[in-house]
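As structure tokens, the structure follows; a few thoughts come after it.
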Amino acid sequence: MTIVAIWCRHQDDNIIGIGPKIPWHIASDFQRFKRITQGGNILAGQTTYESFPGRTLPNRKIYVLTFDQNYEVSDAENHFVITDVNALKDFDGTLYIAGGASIYKLFMTRQDDLRPDVVVDCMYQGDIDATLSGPKIDITPAVEALGEAYTQISQNYIEDNVLTRVYVKKNDFVDQSVVKHILNAIENKE
Ligand SMILES: NC(=O)c1ccc[n+]([C@@H]2O[C@H](COP(=O)([O-])OP(=O)(O)OC[C@H]3O[C@@H](n4cnc5c(N)ncnc54)[C@H](OP(=O)(O)O)[C@@H]3O)[C@@H](O)[C@H]2O)c1
């Protein structure tokens, strides 16, 4: 199992959302996320899952984390409800952790095998949409864990005001085929 956290945060304040929405729209950032996760497995908190258009992401399996045992997904063939995060310890393959804030914190601050092996840290350097109302949601605890326990292994990629860097957990074996796939997807070589 390889666990990859992937996010796009705002520089300086680590905001990833205002209310249920991401407060910027950068097409190339969505495309990068799509290239990296295409055909793969995504884990999302219930709030983030509800924010996906049509509650889906085509060509991906989605694992929805919720405490609600009766939660109904939009596509029973490809979406799965997880009520106990520890059930993922037996996961076979690569799992992309796709938010939101509570989920990044949950995984990035763990001390066991569920702590992500790889982090794709995208940082938006432009202005956020100040017209949105709702609480500002940030991932500072996850970013602090990134600074403490991870090493940057990629170059700095900059596109459309988004700085993307790839990190791996210090002193740990990481499946190089996963890292290669992510770097190729960022560089649009696949
Ligand atoms: N910029 C980005 O990269 C990015 C990416 C993803 C999301 N976002 C943004 O992040 C925001 C949402 O973040 P959020 O923190 O409010 O919500 P969230 O993490 O998406 O979902 C929270 C929900 O997940 C479930 N959950 C959390 N911990 C759990 C656990 N240990 N076991 C079982 N279920 C658990 C609970 O669902 P139940 O209440 O159903 O029990 C909880 O209410 C939105 O603004 C979204 O747009 C941004």
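The values are calculated or read from the model by the stated rules, or taken from the named source; none is laboratory data. Computed from a predicted model, the values in this text were never measured in an experiment. FYI the Cβ positions are ideal-geometry reconstructions off the backbone, even for glycines, and counts take in every protein chain you see.
When only residues in the range 44-63 that are in contact with a Lys or Arg (Cβ under 9 Å, 6 or more places away or on another chain) and among the hydroxyl-bearing types (Ser, Thr, Tyr) count, which is nearest to the ligand (Cβ to nearest atom)? Of everything passing the filter in the range 44-63, 51 is nearest to the ligand (Cβ to nearest atom). The criterion of at least 3 residues that are touching a residue at least 24 places away in the same chain (Cβ under 8 Å) is met, among strands (runs of 3 or more DSSP E) falling completely within the range 13-69, by 15-18, 41-45. Does any residue of the range 83-101 turn out to be near the ligand (Cβ under 8 Å from one of its atoms), under 12 Å from the mean Cα position of the chain (by Cα) and part of a strand (DSSP E or B)? Among the residues of the range 83-101, not one is near the ligand (Cβ under 8 Å from one of its atoms), under 12 Å from the mean Cα position of the chain (by Cα) and part of a strand (DSSP E or B), which makes the answer no. Among the conditions (1) among the acidic types (Asp, Glu); (2) closer than 20 Å to residue 183 by Cα; (3) over 16 Å from the mean Cα position of the chain (by Cα), residue 29 misses just one, which is (3). The set of residues in the range 131-144 that are more than 9 Å from the ligand (Cβ to nearest atom) and assigned to a loop (DSSP other than H, G, I, E, B) comprises 131, 132, 133. Determine whether residue 128 is under 24 Å from residue 22 (Cβ atoms), part of a loop (DSSP other than H, G, I, E, B), at pLDDT 95 or above and not polar (S, T, N, Q). Here the answer is yes, as residue 128 does meet what is asked.
In the range 6-19, the residue that is surrounded by the fewest Cβ atoms within 10 Å (Cβ to Cβ) out of those that are at negative phi and in contact with a Gly (Cβ under 7 Å, 6 or more places away or on another chain) is 18. Taking the conditions (1) assigned to a helix (DSSP H, G or I); (2) closer than 19 Å to residue 30 by Cβ in turn, residue 166 satisfies each one other than (1).
Residue-wise test of (1) touching a strand residue (DSSP E or B) at 6+ places or on another chain (Cβ under 6 Å); (2) farther than 21 Å from residue 10 by Cα.
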residue	(1), (2)
82	yes, yes
87	no, yes
91	no, yes
111	no, yes
129	no, no
145	no, no
183	no, yes
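Residue 67 meets the conditions (1) of a type outside the set (S, T, N, Q); (2) in contact with a strand residue (DSSP E or B) (Cβ under 7 Å, 6 or more places away or on another chain); (3) near the ligand (Cβ under 10 Å from one of its atoms) in every case but one. The failed one is (2). Among residues of the range 151-163 that are in contact (Cβ under 8 Å) with a residue 24 or more places away in the chain, those with a beta-carbon under 6 Å from a residue that is surrounded by 15 or more Cβ atoms within 10 Å (Cβ to Cβ) and part of a loop (DSSP other than H, G, I, E, B) at least six positions away or on a different chain give the pairs 160/26; 162/26.
Okay, residues lined up against (1) of a type in the set (A, V, I, L, M); (2) farther than 24 Å from residue 34 by Cα:
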position	(1), (2)
133	no, yes
139	yes, no
142	yes, no
158	yes, no
168	yes, no
171	no, yes
177	no, no
183	yes, no
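Residue 20 passes every criterion in (1) modelled with pLDDT under 95; (2) in contact with a strand residue (DSSP E or B) (Cβ under 6 Å, 6 or more places away or on another chain) apart from (2).
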